[in-house]
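What follows is a short report on a single structure.
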Amino acid sequence: MSQALTFWLVGALVALIAEFMSGTFYLLMVSLAMACGGLAAWLGAPELWQWLLASVSGVAGVMLVRQRRRRIAAPPLPQDDPDWGRQVEILTLTSPGRARIHYRGAEWDAELLDPALHAGATGYIAGRQGNLFKIASTQPE
């Protein structure tokens, strides 16, 4: 067994063991990439091609895992948000469809979901995107 093949297979095994401990799937892709480098070494490819094949397959694998995690990670249900349905006071309109609200003793930016809402009106939190509250004119169910 050549030194290059040994390097790739031991590296793949170490990454696989680390993956079993972490459970992230990223190290699994690294392990598979190193196995691809080992396959290239076993087939007699030059060292440059071994590294190239391992790099390309590793980057592709990590991108696939990242894309899949983004697709699967659904935002939490609004009903799980402790702010959901809470009453707020609209202080000022900042631009069409945007306002400053008073909630929990502070001012927050908000997106108005109902065009009938105006400064001085009462609204209800119907969602949130980061620190931007989404305000409805009726209490959401």
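State yes or no: is VAL88 in contact with a helix residue (DSSP H, G or I) (Cβ under 9 Å, 6 or more places away or on another chain) and not basic (Lys, Arg)? Write out each step before concluding.
Details: in contact with a helix residue (DSSP H, G or I) (Cβ under 9 Å, 6 or more places away or on another chain): no; not basic (Lys, Arg): yes.
Criteria not met by VAL88.
Being on the phi < 0 side of the Ramachandran plot and touching a Cys at 6+ places or on another chain (Cβ under 8 Å) narrows it down to one residue among SER57, SER22, SER31; which is it? Talk me through it step by step, then tell me what you get.
On the way: SER22 fails: touching a Cys at 6+ places or on another chain (Cβ under 8 Å); SER31 fails: touching a Cys at 6+ places or on another chain (Cβ under 8 Å).
The conditions single out SER57.
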Tell me which of these LEU52 doesn't satisfy, since it passes every other one: (1) modelled with pLDDT under 95; (2) open to solvent by 80 Å² or more (accessible area, probe 1.4 Å). (1)
Could you grab the pairs with beta carbons closer than 9 Å, sequence gap of 6+ or different chains, first residue in segment 10-29 and under 16 Å from SER55 (Cβ atoms), second one charged (D, E, K, R) and open to solvent by 60 Å² or more (accessible area, probe 1.4 Å)? TYR26/ARG66
Matching residues in segment 77-133 (open to solvent by 90 Å² or more (accessible area, probe 1.4 Å) and at positive phi) number 1
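The values are calculated or read from the model by the stated rules, or taken from the named source; none is laboratory data. Because the structure is a prediction, the values reported are computed rather than measured. No Cβ is skipped: glycine too gets one built from the backbone with ideal geometry, and neighbour counts run over all protein chains shown. The area values use the complete protein model at the heavy-atom level, side chains included, leaving out ligands, DNA and RNA. Shrake-Rupley method; radii C 1.70, N 1.55, O 1.52, S 1.80 Å.
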